[in-house]
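Peer 1: Attaching a single structure in structure tokens format; questions to follow.
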Amino acid sequence: MSTHALPPQMLTIRQVLADRQFFRLWTGQLVSIFGDFVAIFAVQVAITFRMHGTPRDVTGVFVAFLLPMALIGPVAGVFVDRWDPRRTMIASDLIRGVLIVLLTLTTSLWQIYAVFFALSTVSTFFMPAQSVTIPLLVKREGLMAASGLMQQTMQLVRIFSPAAASALVGLFGEASCYWADSATFFFSAAMLATLSYHRPVAPAPRGIGAVARELGQGMNFILTHPKFSFVILSMTAGMFAIGCFGALLSVYVRDILHSSEYLFGALGSTTAVGTIAGAAAVTKLARGRVSEHFVSVGMFGIGLFILLLTLFGQKAVTLAACAGIGVSVSFIMVAATALLQGESPPEMRGRVSSSSMALISIAQGIAMLFAGDWATRFGIIHLFYASALMLFVVALGGVWKLRRMS
């Protein structure tokens, strides 16, 4: 058997959900993710359609959210590896449940950016703690199914959240979305409080030198591990291109398709449907196959569908292309997440998770930081063409690299 093959007897999603503890973790995330999408949709609609924001204004929200992941995330992973992950997640949820309410008091873009920066800072502790927790609840052969389920859940919620957010904004105003998201954070914390599992807790590193040393260990693992280095560096380059596209999709809807927030919401739902289908497909296709191949396939698919929607510039084609983008994204995320959780040393999962997230966030942040200016200077159409081209290059480079590794 090839050393790259996944375990042949992988668990199904139904078998993974049969574990009561994982089921409670999943339920809490289902509700919390729904609230997050409702709140994010409300912010995007407010800036794009009510405040008539520029491309730079829209991308500013994403940059504010990505900066902590890039700058604070790696350090957070060092401490997550030493702390109790359940308590870390509960504390993160409770703090974010309070912070999100501050959006009801914002009156300017910079205040919105500040709240998102604070939310992201707390999230840098939650996400690696969850990456540590899932392998403690799920067997190794169930990690691909668990990863696929989390992706399907996120996108299933994405289908319904735009309609829910639109209804809430129309009936009660944008603030209602933020209050709803706050409630979901507290619900998630309550579900996490019911979990019971054991993970040895080590003393947190003291001193800048100790933190830097452990941080370097996690980054060194990513850059020297043959599978991880390929997957993470490919995703870093690919996410730069995806970031340019995703940050300006709402502006593309407004200025190129001459449509409203309703089409923007429909595109999100269509992408989610594609991601659900893709996650189910990759979970089945991955049996006995090398998961790294799915990363290159996903990169090529995203580039192809961005190219198609840009070439035609029609609403129907854009809807279909977003479904294809969703399928392609799931190929990348499911395979990469399963690889991350399954092959990281248990004592380093927090650092590996947060450092990987930091590299990808840096790429996305740089893309979003300049995407607004590039779109203003060269036009959104040319920026989308450039994004597609870069994704094709990354995909072809991945194929070449995998052939050399085999």
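Peer 1: At R0 = 35 Å, how high is the FRET efficiency between TRP400 and ARG213 if r is their beta carbon distance? Nearest 0.05 is fine.
Peer 2: FRET efficiency, TRP400 to ARG213: 0.50.
Peer 1: Regarding the chain, what are the three Cα extents along the principal axes, ordered largest first, in Å?
Peer 2: For the chain, the Cα spread along each principal axis is 53, 48, 44 Å.
Peer 1: Which parts of segment 165-179 would a label at THR104 reach, counting a residue when its backbone N lies under 13 Å from a point 7 Å out along Cα-to-Cβ?
Peer 2: Residues 172-179 qualify, since their backbone N sits under 13 Å from the label point.
Peer 1: What does the C-alpha gyration tensor say about the overall shape of segment 55-99? Classify as rounded when a/c is under 1.5, otherwise prolate if a/b is larger than b/c, or oblate.
Peer 2: Verdict is oblate for segment 55-99.
Peer 1: Ok, one more. Mind checking which lysines have their C-alpha under 30 Å from LYS227, skipping anything on the same chain fewer than 8 residues away?
Peer 2: Hits, sequence-local ones excluded: LYS139, LYS284, LYS401.
Peer 1: Further question on the same structure: To the nearest 20 debye, what charge dipole does segment 1-129 have about its Cα centre, counting +1 at the Cβ of each Lys and Arg and -1 at the Cβ of each Asp and Glu?
Peer 2: 160
Peer 1: Still on this model: Among ILE159, ASN220, LEU11, which residue has its Cα positioned farthest towards the positive end of the charge dipole of the chain, with +1 placed on the Cβ of Lys and Arg, -1 on the Cβ of Asp and Glu, and the dipole taken about the Cα centre?
Peer 2: LEU11
Peer 1: Using +1 on the beta carbon of Lys and Arg, -1 on that of Asp and Glu, and nothing else charged, what's the dipole of the chain about the Cα centre, debye to 20?
Peer 2: Here the size comes out at about 860 debye.
Peer 1: Right, another one. For the chain, what does the helix formula give at 222 nm: sum of -39500 (n - 2.57) over DSSP H segments with n ≥ 4, over the residue count, nearest 500 deg cm²/dmol?
Peer 2: -27500 deg cm²/dmol
Where a number appears in this text, it was derived from the coordinates with a stated rule and is not lab data. Remember, it's a predicted structure, so these values are computed and weren't measured experimentally. Ideal geometry is used to build each Cβ from the backbone, glycine not excepted, and the neighbour counts take in all protein chains shown.
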